[in-house]
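Down below is the structure, laid out as C-alpha cells.
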Amino acid sequence: MVALYDTASGVRRELLLRRPGELAMYVCGPTVYDAAHLGHGRHMLVWDVARRFFASRGLAVTYVSNITDIDDKIIERAALLGIPPSELARMEEERWWKISDELGVLRPTHAPRATEYVPDMVDFLRRLAEAGAAYEAADGLYFDTSSVPGYGLLARQSLDSLRAGARVATNVAKRAPFDFALWKAAKPGEPSWDSPWGPGRPGWHTECVVMSLDLLGEGFDLHGGGMDLAFPHHENERAQAAAAQVGFAGHWAHHAFVTAGGEKMSKSAHNFSTLASLTEAHDPRSYRLLVLRSHYRQPLEVTPETVSQAEEALSRLDAFARRFAPEGPLGIAVAPEEALLQAFVAAMEDDLDTPAALAALFEALRSANTLADGGDAQRAHALARAVLECFAVLGLEPAAGSDASPEVKELLRLRDMARRDRDFAAADHLRERISALGWVVEDTPLGSRLHR
RNA sequence: GGCGGCGUGGCCGAGUGGCUUAGGCAAGGGCCUGCAAAGCCCUGUACCCGGGUUCGAUUCCCGGCGCCGCCUCCA
C-alpha cells in the first residue's frame, strides 16, 4: 500500500488504483518559451522517481505529461525574437527534452502537445457550454466558476474566502474574478483556430483536462504538479471535468519549490539558474541526489555548495560500485539482502520518503564496506547488491566505468611491475603520469584499479 | 486580508514526548596502506524566543519574533 499526501483531501491517504496493477498518472508539463531552470528540474526528478518506484513495484505505469506549445508567453517571446510562435515552441521543446535526458529522466509514455488537441478541446468546450458552465464575452469564452459546487477544493478555501483575497484588478469582461478563459479570441497576427466562438486559441486550463482524459480515461489515478499549480490551474481542470460530468483524477499530489536565498525560484523573480548551467559544471546525477535528499513537499535550498556536496556523496556511491562490481574480481553472485529492499520500499511507500530511503541506503552502504573489510564477502555482496538495486530504482546508476586508453593501461602495467619489485619511486612517478592523464589509481588486495 | 507552511549542529537535511538523539557533505583525531586512493572507527554544548501541560519537550498547547508559499503567469 502506498500512502501519498492528497491535496484535495488535505491528508495522507492510500493511493487507490482504478484498475489493479495499473497506474495512470498525469503531470503538468512545461510551457515551452524559455530555458528550464532548477525548479523545473526538481519537478522532472520528483515525478520521474515516483513513476520509477511505482514501476519497480510491478505496476504498469502510464505517465502522461503535456507540452504547452501555444500560450501568451510563447506569442510574446516569439514576437520579441521575430520568429513564429510555433518555431519557438518547437525549439524550446527540444531543449526541454535534451536537458530531461541529461538528468536521466525517463520520457513520458505520452507527451501530447496542446496544438495537436485543439479540435478535441473545441468539442469539450462545446460540452461545457451546453452544460451551462460557460459564457461568451467580448474577448472569448469563459468558465463560470460559480456553476461548480465546491469550487476552491484544491486551494482548500471556499470561493468566498478566495474572493476576499483577490489582489489584482481583473479582466472586466469576466463576470467574476475567478472565472477563467476557455477560449481566447485571436488578436491580429496571432495564431488561431476556428471555433463556434470565432477564431482564437484555447485557454491554458483546458488542454490538461482534455488530454489527460483522452490518454488516460475517466477517473485516472494520480495527477501531479508543482504547488503553484494546485490553484488555480488544477482546480480549474477539476472544475471543468466536474461541469462536463466526467470522473477526473482520484488523487492529487504537489511538490514544493526550489528556493534561492529562501525565496521561490521563478522566472518572474529573476532568481533562477538554468539546468543547463548546472549540468555543464556538475555531474547531472548530483542534482538528482540533491533533490532526493529532501522530501518532495518541503522547500529545497539549492546553492553551488549543496550541489557540490551531493556530487561528493555521489563519488562515494561510485567507489562503492567499483568495489562491488558484479564483473569485478570480488564479484560474487548472491541474492540481494531482503531486509534492505523491504526497508527501502517501506520508506518510499510512506509518501515517497526519499530522505529516509537514502539514509537507509547510505547506512547499508557503510555496513557492506565494513563487512567486506572484515572478510565477510557473502553478506557484504548481498547487501551491496540490494544497495545498488535501490539506487537504480531512484535513477541513480553508478558512473559508467569508461575504458582507459591503451596508453594508460600500459602505464598501469608498468607501475604494477614496479610495485612488485618494490621500486616505489618508479611506481609513484608512473602514478603521477597516469594522474596527469585524468585517471586515479586504487591499489586493492586484489590488484590495482583505475577510475576517473 | 483569507488559507497554508517553515525556523534543527560549520553547511544541507530527516525525525522524535525520555531509549545507541537519521543520513549526506565538511572539519579534527585514529586504523589500514611502501605512500596514496578507497574503506572503517572515534570526536564535536543541534533543535528561534517566552510561557504552559508533563516526572520529563527540540517534539504537544498558547503567545511572540523571523522567514516563505498560494490567493496573478509560474514546476
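Hey, any idea what % of the range A:3-255's accessible area is carbon plus sulfur with a 1.4 Å probe? Answer for the range A:3-255: carbon and sulfur cover 51 percent of the accessible area.
The range A:300-452: Rg/Rh from Cα coordinates, Kirkwood Rh? Don't skip to the end; give the middle numbers.
Working: Rg = 18.1 Å, Rh = 17.3 Å.
Across the range A:300-452, the Cα-based Rg/Rh ratio is 1.04.
Per-residue 3J(HN,Hα) values for the range A:116-122, derived from phi via the Karplus relation 6.51 cos²θ - 1.76 cosθ + 1.60 with θ = phi - 60°, read 7, 10, 4, x, 5, 5, 4 Hz in sequence order (x marks Gly and Pro).
Peptides A:241-253, A:64-76, A:365-377, A:85-97 ordered by packing proxy, namely the average of other Cβ atoms within 10 Å per residue, highest first: A:64-76, A:241-253, A:85-97, A:365-377. Derived scalar couplings between HN and Hα for the range A:235-242 equal 4, 5, 4, 4, 5, 5, 4, 5 Hz in order, rounded to whole Hz, by the Karplus curve 6.51 cos²θ - 1.76 cosθ + 1.60 (θ = phi - 60°), x for Gly and Pro. The overall shape of the range A:406-451, judged from the alpha-carbon gyration tensor, is oblate: a/c is not under 1.5, and a/b is no greater than b/c. Label sites at A:Ala425 and A:Arg156, each approximated as a point 7 angstrom past Cα along Cα to Cβ, lie 7.3 nm apart. In order along the range A:149-161, the phi-based Karplus estimate (6.51 cos²θ - 1.76 cosθ + 1.60, θ = phi - 60°) of 3J(HN,Hα) comes to x, x, 4, x, 3, 6, 8, 6, 9, 7, 4, 4, 6 Hz; Gly and Pro are listed as x.
Please list A:Asp160, A:Asp194, A:Asp48, A:Asp318 in order of solvent-accessible area, largest first, computed with a 1.4 Å probe with all protein chains present. Spell out each step's value before the answer.
Values: A:Asp160 110, A:Asp194 130, A:Asp48 0, A:Asp318 25 Å².
These residues rank, largest area first, as A:Asp194, A:Asp160, A:Asp318, A:Asp48.
How much accessible area per residue does chain A have, in Å², with a 1.4 Å probe? Walk me through the numbers before you get to the answer.
Working: 20690 Å² over 452 residues.
On a per-residue basis, 46 Å².
Annotation for the range A:392-436: trypsin sites (Lys or Arg not before Pro) lying in DSSP loop with at most 15 further Cβ atoms inside 10 Å of their Cβ are A:Arg422. Of all lysines in the structure, those lying under 21 Å Cα to Cα from A:Lys184, and not within fewer than 8 positions of it along the same chain, are A:Lys73, A:Lys174. Note on surface exposure: A:Val440, A:Val291 rank A:Val440, A:Val291 by accessible area, highest first, 1.4 Å probe.
Distance between the 7 Å Cα→Cβ label points at A:Thr303 and A:Asp194: 5.9 nm.
When DSSP beta bridges are restricted to pairs lying wholly in the range A:3-255, around 50% turn out antiparallel. Above 20 Å, the calculated P(r) of the range A:303-393 contains 36 percent of its Cα-Cα pairs.
Using the Cβ-Cβ distance between A:Glu136 and A:Ser86 with R0 = 30 Å, the FRET efficiency computed as 1/(1 + (r/R0)^6) comes to roughly 0.65.
Fraction of C-alpha pairs exceeding 30 angstrom in chain A: 53 percent, rounded to a whole number.
The values are calculated or read from the model by the stated rules, or taken from the named source; none is laboratory data. Since we're looking at a predicted model, the values are computed, not measured. A quick note on method: Cβ atoms are made from the backbone with ideal geometry, for glycine too, and the neighbour counts reach across all protein chains shown. Heavy atoms of the whole protein, side chains included, go into the accessibility calculation; ligands, DNA and RNA do not. Shrake-Rupley method; radii C 1.70, N 1.55, O 1.52, S 1.80 Å.
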